[in-house]
Each structure stands twice: as structure tokens, then as C-alpha cells.
Amino acid sequence: MLRINNIKIRKNISEQEILELAIEKAHVKKDDILDWHIAKKSIDARKKEDVHFTYSIDIKVKDEKKYKKLEKIKSFVMPSIQVKNNFSTHPVIIGAGPAGLFAALTLIQNNIKPIIIEQGEPVENRKKSVDYFIQTGKLNSSSNVQFGEGGAGTFSDGKLTTGINSPFCKKVLEEFVNFGAPKQILFLAKPHIGTDNLIHIIKNMREYILANGGTFLFQTKVIDFEITNHHITSLHTICKGMENSIMANQVILAIGHSSRDTFQTLYQKGISMEAKNFSVGVRIEHLQKWVDDAQYGTITKLHLPPAEYKLAYHANTARSCYTFCMCPGGVVMPSSSEPNTIVTNGMSYFLRDGKNANSALLVNVTPKDFKSTSPLAGIDFQKDLEQKAFILGGSNYFAPVQRVEDFLKNQKSNHLGEVQPTYQPGITLSNLNEILPTFVADTLKKGIQFFDTKLHGFAHPDSILTGVETRSSSPVKIVRNHHFVSNIGGIYPCGEGAGYAGGIMSASVDGMKCAIALLENKDIESSSSC
């Protein structure tokens, strides 16, 4: 394929018309084209008087030698996998989030049949449990926004952007399309799927894995690990009160960032782990129209998607404030996984057609901020905030919310303005300064004011803060060596929960890499290499 770059589009036209503009620019004869597709599409809104789309087009022609000035594009080829493991038992994957599912797909595609253990429900039943919590405030602590098939990313914006540069990223995107994602994720600069699409895609993945010999054990929790001579030998599980034992010589730990009981069990079993940096804060909501106007201006006639933003503020200290998981046209989700806690997250449907935009607004914390040196001390830091938010909200799963103007003045909100909170089951007007650590509150305030200079209206008095956001990443890192193996042989710490990913894309890639390491039998038992 040959690539034609930097095609600027300033009016609403069809894809065929875009092709015609591209080949005119590159002086390519239409009759020479055998095939073509859009390689990349992005929005350039740096100048509000000239907002436009920028495209790259890939074309296949009869004779490439005629067009030597055009860039040649190499086809993506997955690295070859040499299956060397004899698999005396079925490999087990704990967790059916992105890391677990893509690990399972990789094994299945190499004729190995895994067992996937998931403490939550299948995604269609999980959706019902989440909806029931939103409607009634009654939490299912085993199946919710954090736990269940698809992982925490299922009830999010479904972003597929990532900071990693890996050839596996293209494979992940192609697999999502194979299982029902819109094809545009293959070329958009900032692809997303939306939670409505993700629910169907995840179900399709499961059905494919089942049809090819994989096994899913839902509503099944791993409660213990049997280790002999520094190697995993079996797992103990519980399902609806019934305990069971599963022989397992290879286990991929794709447990997610909220599996606190499992972290505790692993620590007690001698799995090497350490506390790591993460971030805490709140969700901020604006009217989506404010964000659109700030990002695109009001002149353009292009049909543009709801606008996004990504902002960062670095204080003179070691603290920073940044936005994360911004959800255009989305809602703030009740994301608790334990009783008597409040946790928030953001979610958008594919069309992103809600009235509000929301984003996490976070401040970094480090192990120096924790009350102990335990590898699990970050969990206690999270839980303390979540429990305080529960009490501040009224001890009924209502979230504490505050207008930005009131937060900056350190006074309790007593009314709402133009922005109506989207969090359900309900909200309680509060003063979030009462529960946030001082360094978090102070850094948030400086960040909000700074962001307003970059995105007009960010500090609008009626913008809404909802507390608290504590699960942006795992507070624990499960140590592994360069063969992806922990200090206990046969255990492959994987994905976001183990501290090696941050989002759907990077977690999926890490799941594939762990599965390949397992297939190629790169299990090294010596902890000295970790």
C-alpha cells in the first residue's frame, strides 16, 4: 500500500470525494487504484477560524514504481509464536477483563483451551446488576462496575487510545472489529467504542472462546493458591457457597485494580508485590456545549463529534493535577465494589450524545503518603476516602457533589446551577474539602484555575465536582521478570491490576504478551530475576 498524507477537509463531503481530493493532490490516476481505505482521521482545531479534518489515505495501485514519491506502508504481521509448553493442565486465567479476554483469545487461536475464572456475572447479567444499583442503591459486591465480564472498562467511554507503542495495538483493534466494533476505530486518531457496543462485543468474544473449547466459570472467586516448591499447583475457588479445587500449573493473574481480597491472599502466599503511585480526586462535569465551543469555536460548519480535552498542571512541588478518562456526552457512574463506599467513574455511549461532559480530575499520590510501608497500604488510602465519601453523601450510596465555585471558596454548596449532576442513585450537596486530603484539595484548586486558562469555562462556577475517584489505576504492583513470571513459578501477573497497564488497549496488549510468554514456556522460577 502507498500512503497519501495531510489531506485537509474543510467541508462535509463523502468518503469517495475525500479519495478524489487525495489522488488529485498526489497526482494518482484513478484507473491505477485497485483498493483503498482511510488510514487516519483526526481533527485540527488549533485555529478556531480554520477547524478542519486531516486524513491519510492508503491506496493499492497497479504499478507502485510510477509513484515513487509516496510513502510505502508495510502490512502488519503478528510475531510468530512457538508453542513449547506441554500443558499438563489447562492454563487458568483469573479475570475476564480486557487483559484476561485477550489472553484467552491468544491461547484459543493457538489451539490451547483455557479456563477463565470471573467472580462477576456474564456481561448481559452484569448490566442488569449495574442498572439495579443505579435504580435502587442496592449493591452487588461481586458484580458491578468494577467486577464482571469485560472488566472495569466495560462501563466507561471505551477509549482505545494508549501511550504505548506496540505492534500488538493494531491486532487489538482488528479483533475488536472482528467481534462487532465499528470499523472507524481502525483509523480514528482517538478511537472509542462506547459502553453500549462493548457489551455486545464482549459477549461475542465469550461465545467465540466457548465455541473453540474454552471454559468460563462465572460468579466464581479464587480464595486460595496452592504452591509447592515455589510453583503454583492448584487454585481453591468458591461459587455460590460451594468450594472447589482446580489443578493449575500456569495461571495468568488478570485480576483488575479492585481485587483487594485477592491482593491480600497473594501477599500472604508470598507473591512479590510492592506499593505503587496512583491518583485520587473527583469527577468534574460541564455542559458538553461549553466544551465544544471552547475546543471548536462557533464558526465551523463541519459535522464534528463532541469535543474532548486532556489537561495537566504541574505544581512547584512533586504534585500534579490532570484530567483522565474524559467522557464527552457521558455520565458519572456509581462504581463502588464494596459496601459503604462511594467510588465514581465516567461512562459514555458510542454516540456520546448526553448533555454533560465529565472527566476524572486527579492528583498523584505516592507510597510516602500512606500510613504504613505495607505493599497494600495504598488500598487502605483508597478505602479511607471512599468510606468518608459514603458518609458525606448520606450513607445511602448518594454521592457528595459540589459546585466548582463553592469548592474553590471551601464552602458547602446549597444549590445547583446550569449543570445538573448525572450521578445516580442520587446526590447530596456537600463540601468535598471536608474529606479530601489537604494536598489533594489544594492541588485540585490550582489545577482547576490553571485549566481555565487553557480551556475557557473549565472553572465555570456551576461546573460540578462529584466525589470520589480513587480507582484510576492499581495501588499495587505484582512484580514479574522479563519473561512475565512472578517469583512463584507458573504465575503471570497481567494487566492493569498487576500494575502493567492503564486502560483497555494497554491491558489487552499485556494480556496477549502474557499468553505468548506462557505458550512459549518462558517460565523461570528464580525470584532473583524479578
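General observations
- Qualifying residue in region 395-406 (condition: surrounded by 24 or more Cβ atoms within 10 Å (Cβ to Cβ), at pLDDT 95 or above, part of a helix (DSSP H, G or I) and not acidic (Asp, Glu)): yes
- Looking across region 125-148, the residues that are over 17 Å from residue 217 (Cβ atoms), touching a residue at least 12 places away in the same chain (Cβ under 8 Å) and not polar (S, T, N, Q) come down to 127, 130, 133, 134, 137, 139, 145.
- Only residues that are assigned to a loop (DSSP other than H, G, I, E, B), small (Gly, Ala, Ser), in contact with an Asp or Glu (Cβ under 9 Å, 6 or more places away or on another chain) and closer than 17 Å to residue 193 by Cα were counted in region 337-380, giving 1.
- Number of the exception - residue 219 against (1) closer than 20 Å to residue 108 by Cβ; (2) touching a residue at least 40 places away in the same chain (Cβ under 8 Å); (3) open to solvent by 70 Å² or more (accessible area, probe 1.4 Å); (4) not charged (D, E, K, R): (1)
- Verdict on residue 518 being of a type in the set (A, V, I, L, M), buried (at least 20 other Cβ atoms within 10 Å of the Cβ) and assigned to a loop (DSSP other than H, G, I, E, B): no
- Residue match in region 131-139 (condition: among the hydroxyl-bearing types (Ser, Thr, Tyr), within 13 Å of residue 205 (Cα to Cα) and in a helix (DSSP H, G or I)): no
- Residues within region 413-427 that are in contact with a helix residue (DSSP H, G or I) (Cβ under 7 Å, 6 or more places away or on another chain) and open to solvent by 30 Å² or more (accessible area, probe 1.4 Å), tallied: 1
- Among residues of region 220-247, those that are more than 20 Å from residue 122 (Cβ to Cβ) and of a type in the set (Lys, Arg), counted: 0
Rundown of residues vs (1) touching a helix residue (DSSP H, G or I) at 6+ places or on another chain (Cβ under 8 Å); (2) closer than 21 Å to residue 268 by Cα, yes/no style:
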| site | (1), (2) |
| --- | --- |
| 435 | yes, no |
| 469 | no, no |
| 479 | no, yes |
| 507 | yes, no |
| 512 | yes, no |
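- Scope region 54-67; condition among the basic types (Lys, Arg) and farther than 12 Å from residue 27 by Cβ; matching residues: 60, 62, 65
- Strands (runs of 3 or more DSSP E) lying entirely in region 1-62 (those with 2 or more residues that are open to solvent by less than 70 Å² (accessible area, probe 1.4 Å), touching a Phe, Trp or Tyr at 6+ places or on another chain (Cβ under 9 Å) and of a type in the set (D, E, K, R)): 33-44
- Put simply, of 18, 73 the only residue that is touching a residue at least 60 places away in the same chain (Cβ under 8 Å), β-branched (Val, Ile, Thr) and out of contact with any helix residue (DSSP H, G or I) (no Cβ under 6 Å at 6 or more places or on another chain) is 73.
- Residue match in region 456-469 (condition: polar (S, T, N, Q), buried (at least 22 other Cβ atoms within 10 Å of the Cβ) and either more than 22 Å from residue 156 (Cβ to Cβ) or at pLDDT 95 or above (or both)): yes
- Options 202, 185: the member that is crowded, with 24+ Cβ neighbours inside 10 Å and of a type outside the set (Phe, Trp, Tyr): 202
- Sole exception among (1) part of a helix (DSSP H, G or I); (2) at positive phi for residue 295, by number: (2)
- Residue match in region 72-92 (condition: at pLDDT 90 or above, outside any loop (DSSP other than H, G, I, E, B) and either farther than 20 Å from residue 151 by Cα or open to solvent by 60 Å² or more (accessible area, probe 1.4 Å) (or both)): yes
- Filter result (open to solvent by less than 10 Å² (accessible area, probe 1.4 Å), within 14 Å of residue 364 (Cβ to Cβ) and aliphatic (A, V, I, L, M)) within region 266-291: 280
- In region 428-455, of all residues being under 28 Å from residue 375 (Cβ atoms) and crowded, with 22+ Cβ neighbours inside 10 Å, the one that is farthest from the chain's Cα centre (by Cα) corresponds to 435.
- Flag for residue 422 being in contact with a Pro (Cβ under 8 Å, 6 or more places away or on another chain) and not hydrophobic (A, V, I, L, M, F, W, C): no
- So residue 513, is it modelled with pLDDT of 95 or more, under 15 Å from residue 99 (Cβ atoms), open to solvent by 20 Å² or more (accessible area, probe 1.4 Å) and assigned to a helix (DSSP H, G or I): yes
- Screening region 312-336 for residues that are in a loop (DSSP other than H, G, I, E, B) and open to solvent by 30 Å² or more (accessible area, probe 1.4 Å) and picking the one that is modelled with the highest pLDDT gives 319.
- Scope region 471-485; condition assigned to a loop (DSSP other than H, G, I, E, B) and open to solvent by 30 Å² or more (accessible area, probe 1.4 Å); matching residues: 480, 482, 483, 484
The values are calculated or read from the model by the stated rules, or taken from the named source; none is laboratory data. Not measured: the values here are computed from a predicted model. Please note: Cβ atoms are built from the backbone with ideal geometry, for glycine as well, and neighbour counts cover all protein chains shown. To get the accessible areas, we keep the full protein, side chains included, count just its heavy atoms, and leave off ligands, DNA and RNA. Shrake-Rupley method; radii C 1.70, N 1.55, O 1.52, S 1.80 Å.
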